[in-house]
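Here is the structure we will look at, set down as structure tokens.
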Amino acid sequence: MKNVRILIVEDERIIAMDLQLQLQALGYQVCGVAADGAQAIARSRKEQPDLVLMDIHLEGPMDGVEAACEIHRQLRIPIVFLSAYAENATLQRAESAMPYGYLVKPVSPRELHATLQMAMVRFGIQRQTDEHLGRIGKAMQAAELDVWEWKVDADQMRMFSLADDAPASAGLAADESIRHFLEQIDARDAPAVEAAVAAARDQGCGMDVQFRARTGPDQDERWLLARARCFDEGERGRRIVGVLQDISGQRRAEEKLRQAATVFDSTSEGIAILDAQRRVISVNPAFSLQTGYSAEEAMAWPDISPLYPSTHGFSHPDPQTPPGDRKLWQGNVNYLHKSGEVLNIWESISIVPGPGGGIASYVLVFSDISSVLAVQEQLDYLAKHDPLTNLCNRRMLQDRMEYELAQALRHQKMMALLLIDLDHFKTINDSLGHGHGDQLLTTIAARLQSSVRASDTVARLGGDEFCIVLGDIDAPGDVDLMAQKLLQRLAEPVRLEQMVCYVTGSIGISMAPADGLCVDELLRNADQAMYGAKHAGRNRYCFFAPAMQKAAEVRLQISSGLHQALEQGQFQLEFQPIVDLANGRIHKAEALLRWRHPLHGTIAPAVFIPIAEECGLISKIGEWVYDQALRVVREWRNALRDDLRIAVNISAVHFRDPQNPLRWLDKLSRSGVPGEALMLEITETLLLDADRKVQDSLDRYRAIGIQIALDDFGTGYSALSYLKRYRLDYLKIDQAFVRQIAEDPRDHALCEAIIVMAHKLGLKVIAEGVETPAQAAILQACHCEYAQGFLYSRPLSGAAFADLLRNHNGSMPGEFPPSMRALPAA
């Protein structure tokens, strides 16, 4: 149904946007979105939409039912409710708004489209029915009467109204001769009127004649009815006395009644008129055609109940219905055909109020939509699915890819597109025939479908080409595993009647957002990757180059290089001081891992640490860092500062094996270094999915004096619950909040809030990334205890850090605590 203008009333913006996209995709025009009842009424008056899609529970004093009632009362715009609630109380309230449909969230586009179409169809039918009823009502208006008298012998004509002082309603001149009266009659009817007058005068016959009065060119045609008799009063002469009735309205009503009767008899919608006891008074031919019951059979029923397989709601009208109120009901119901078949019906019922305030009759209008729904469902399925394999076709693939792309961007994840082409399928198809080829394609389609998750999409693009859309991807390695699984399933033998066939496939892979942000681009890139797999020998998969393929090569190079780095001593530790903001003392230093590659120079930890975790080397690297930290802190505490503490970053992988903490504690005991010399920095990611084993390990470390710091607070999956659950010592504010603390009041507020919260929980705070005196001054004013950053020192080699401690007696040069003069002018 094209160009239907719809107003959306929904207070949740995401749902409103989703509805708007769905409606626009279905071809509807969204003329506005309102968030509360008052906005809905105002927008309805302004936009005059064809239909309002209304949520029931809205913000503000007016809910959706009240707003719908007001819109229906003022504008007669059809309402379709869309709500997550369907309890009886809500449904009963919703009935008062006389909706044209009720949908329960979540709703599919197909269901939404069908409901809106049926609502507009029923609204049109209801509007026609109202017009028919209006014409019938006009035809029943009382006639206005004029009295006329003709004194035959004196030839005097008088005309007057039944009301005392009112002018004659017929509008003809009075107190004239009969000839003058006849001259005011339309020439087409004048002979018949003249003959009727003569017969009444000469023969004493009763006069009953209808005629048209003469009118001007701009006046409507007027019909009059004259009834009279001739009375002989002897000496007083004869008089013809009668009434003149303006039946223009009646004639027009009769014409409209003829039209309504034609519509009643010829419309394809079934119509039944019921009395107040719901007995059938009259039905049209379409009723008998659709239900199988003749008019006589229907009128012989005690009530309308035999038409319904179960009790119909309208058979028990609301006792609270105000007297004289006209109430409508419409919706999808089932009818029971005379043959016993259950029909899917769209029904509309009008309650015609009686003169005493009760119910005079019901007008029931319906149409059989069983075939419409079946055909629509079949067409919708065929439009989106491959008829051979029942997989999605290209059209549905487009929709699914657009959805998965939007989800990937919204949740900052990846989406993978796998384009699969069967190797040498043409040879199989040509040698075994198309029948066997189709059987092979059906088998392959079933294997592909069973190999993926229910949320993934498998489509056949045509011929022997298939496509798989994988959403919610966390890492490219997940796609690697899926591609390997698909190749294994494709290589399994296929039995075709009396023979076994073997087939392989080539898979091209593109990833979003790395390889594209639109459907066509991803398909094109996956196609290029698929041909790359074919050129590489077939029966393999290939990522689109350069993005994914290059990344895979880099990961392989780094993974291989990590083994050599441990063996050849390419790792080094640098140390960055952590300064007490109150006095400048260097109480702590963070050990930072650096990889000095002989060919590629310094490789950042952010690059190689995730790969080390994937390939299983992170534990060995962590052991190396821990050993080096124990060695240097023992030397420095003995020679320079006996209260120095070294902070070591620890991977979540460390806690997966409960033996790792025990081994570290044993090393600490054998090294002679006290627990007070170490601080372990963990991340929020570790605590997110941590179990009891993690807390037990942390407790063991703290029991011997090792302090625990939560690193990069606020940048991960921050949750206050784990600050309460786990026993920590320090909280480190990430530099992302410190960088603009002097310029951005929001960063200032966030840092201050984090510091206050930490202190309330018994934690001390270390600010990372401090680079300016102004930042240090603000942090110190917020009562932050420690700071770390380029303002004090860049990460230093072990020798340089020892010199720093030695030359400045364990303190940083400069003004401490930081002066507020460093703050920028307001």
**OP:** Please find, among ALA374, ALA383, ALA406, ALA416, the residue that is of a type in the set (Gly, Ala, Ser) and closer than 30 Å to LEU336 by Cβ.
**Re:** ALA374
Original post:
Do we find that ARG447 is in the same structural domain as ASN525 (by TED's automatic domain parsing), closer than 23 Å to PHE544 by Cα and not hydroxyl-bearing (Ser, Thr, Tyr) in this structure?
Top reply: no
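Every residue, every condition in (1) touching a Phe, Trp or Tyr at 6+ places or on another chain (Cβ under 6 Å); (2) over 18 Å from ASP36 (Cα atoms); (3) β-branched (Val, Ile, Thr), yes or no:
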| position | (1), (2), (3) |
| --- | --- |
| GLY60 | no, no, no |
| CYS69 | no, no, no |
| LEU75 | no, no, no |
| LEU82 | no, no, no |
| THR90 | no, no, yes |
| GLY101 | no, yes, no |
| VAL107 | no, yes, yes |
| ALA119 | yes, yes, no |
| ASP130 | no, yes, no |
Subject >> Test for LEU490: is it of a type outside the set (S, T, N, Q), under 25 Å from ASP438 (Cβ atoms) and in contact with a helix residue (DSSP H, G or I) (Cβ under 6 Å, 6 or more places away or on another chain) >> reply: no
**OP:** Search segment 358-374 for residues that are free of Cβ contacts under 8 Å to residues at least 60 places away in the same chain and closer than 15 Å to GLN117 by Cβ and pair each with any residue that is polar (S, T, N, Q) and buried (at least 19 other Cβ atoms within 10 Å of the Cβ) when their beta-carbon atoms are under 7 Å apart and the residues are at least 6 apart or on different chains.
**Re:** none
**OP:** Keeping to segment 610-631, report how many residues are surrounded by fewer than 20 Cβ atoms within 10 Å (Cβ to Cβ) and under 30 Å from LYS764 (Cβ atoms).
**Re:** 9
Original post:
Inside segment 463-489, can you point out the residues that are of a type in the set (D, E, K, R) and either touching a Gly at 6+ places or on another chain (Cβ under 6 Å) or within 13 Å of ARG453 (Cβ to Cβ) (or both)?
Top reply: ASP472, ASP478, LYS485
Original post:
So ALA591 clears everything in (1) within 21 Å of LYS732 (Cβ to Cβ); (2) of a type in the set (A, V, I, L, M); (3) in the same structural domain as PHE801 (by TED's automatic domain parsing); (4) under 54 Å from the mean Cα position of the chain (by Cα) except one condition, right? Which one?
Top reply: (3)
Subject >> Residue check for ASN539: of a type outside the set (Lys, Arg), surrounded by fewer than 14 Cβ atoms within 10 Å (Cβ to Cβ) and modelled with pLDDT of 85 or more >> reply: no
**OP:** Assess whether ARG212 counts as being part of a strand (DSSP E or B), in contact with a Gly (Cβ under 7 Å, 6 or more places away or on another chain), modelled with pLDDT of 75 or more and surrounded by fewer than 19 Cβ atoms within 10 Å (Cβ to Cβ).
**Re:** no
**OP:** List the number of the failed condition for GLN74; all other conditions in (1) of a type outside the set (A, V, I, L, M, F, W, C); (2) closer than 25 Å to ILE125 by Cβ; (3) in a loop (DSSP other than H, G, I, E, B) hold.
**Re:** (3)
Original post:
Among all residue pairs at least 6 apart or on different chains, which show Cβ distances below 8 Å where the first residue, located in segment 520-533, is over 13 Å from ALA416 (Cβ atoms) and the second is buried (at least 18 other Cβ atoms within 10 Å of the Cβ) and among the acidic types (Asp, Glu)?
Top reply: GLU521/ASP515; MET530/ASP421
**OP:** Quickly run through segment 375-433 and pick out the residues that are among the polar types (S, T, N, Q) and assigned by TED's automatic domain parsing to the domain that holds GLU497.
**Re:** THR389, ASN390, ASN393, GLN398, GLN407, GLN412, THR427, ASN429, SER431
**OP:** For GLN24, state whether it is of a type outside the set (Lys, Arg), part of a helix (DSSP H, G or I) and surrounded by fewer than 15 Cβ atoms within 10 Å (Cβ to Cβ).
**Re:** yes
Original post:
Across segment 195-211, what is the total count of residues that are closer than 18 Å to ARG179 by Cβ and either free of Cβ contacts under 8 Å to residues at least 40 places away in the same chain or outside the structural domain of ILE185 (by TED's automatic domain parsing) (or both)?
Top reply: 8
Subject >> Number of the condition not met by ILE136 [criteria: (1) part of a helix (DSSP H, G or I); (2) modelled with pLDDT under 85; (3) crowded, with 19+ Cβ neighbours inside 10 Å; (4) in contact with a Leu (Cβ under 7 Å, 6 or more places away or on another chain)] >> reply: (3)
Original post:
If you take just the helices (runs of 4 or more DSSP H) that sit entirely in segment 386-503, which of them hold at least 2 residues that are touching a Ser or Thr at 6+ places or on another chain (Cβ under 8 Å) and surrounded by 12 or more Cβ atoms within 10 Å (Cβ to Cβ)?
Top reply: 394-411, 434-451, 476-490
**OP:** Can you run down the residue pairs with Cβ atoms below 9 Å, 6 or more apart or on separate chains, where the first is in segment 1-30 and of a type in the set (Phe, Trp, Tyr) and the partner is crowded, with 18+ Cβ neighbours inside 10 Å and in a helix (DSSP H, G or I)?
**Re:** TYR28/HIS113; TYR28/LEU116
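Test ALA526 against the criterion of being small (Gly, Ala, Ser), assigned to a helix (DSSP H, G or I) and modelled with pLDDT of 90 or more, and give yes or no. Steps first, please.
Working: small (Gly, Ala, Ser): yes; assigned to a helix (DSSP H, G or I): yes; modelled with pLDDT of 90 or more: yes.
Spelling it out, ALA526 is indeed small (Gly, Ala, Ser), assigned to a helix (DSSP H, G or I) and modelled with pLDDT of 90 or more.
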**OP:** Output the number of the condition that ILE240 fails; it satisfies all remaining conditions of (1) without any contact (Cβ under 8 Å) to a residue 40 or more places away in the chain; (2) within 20 Å of ASP146 (Cα to Cα); (3) not charged (D, E, K, R).
**Re:** (1)
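The values are calculated or read from the model by the stated rules, or taken from the named source; none is laboratory data. This one's a predicted model, so the numbers in the text were calculated from it and none came from an experiment. FYI the Cβ positions are ideal-geometry reconstructions off the backbone, even for glycines, and counts take in every protein chain you see.
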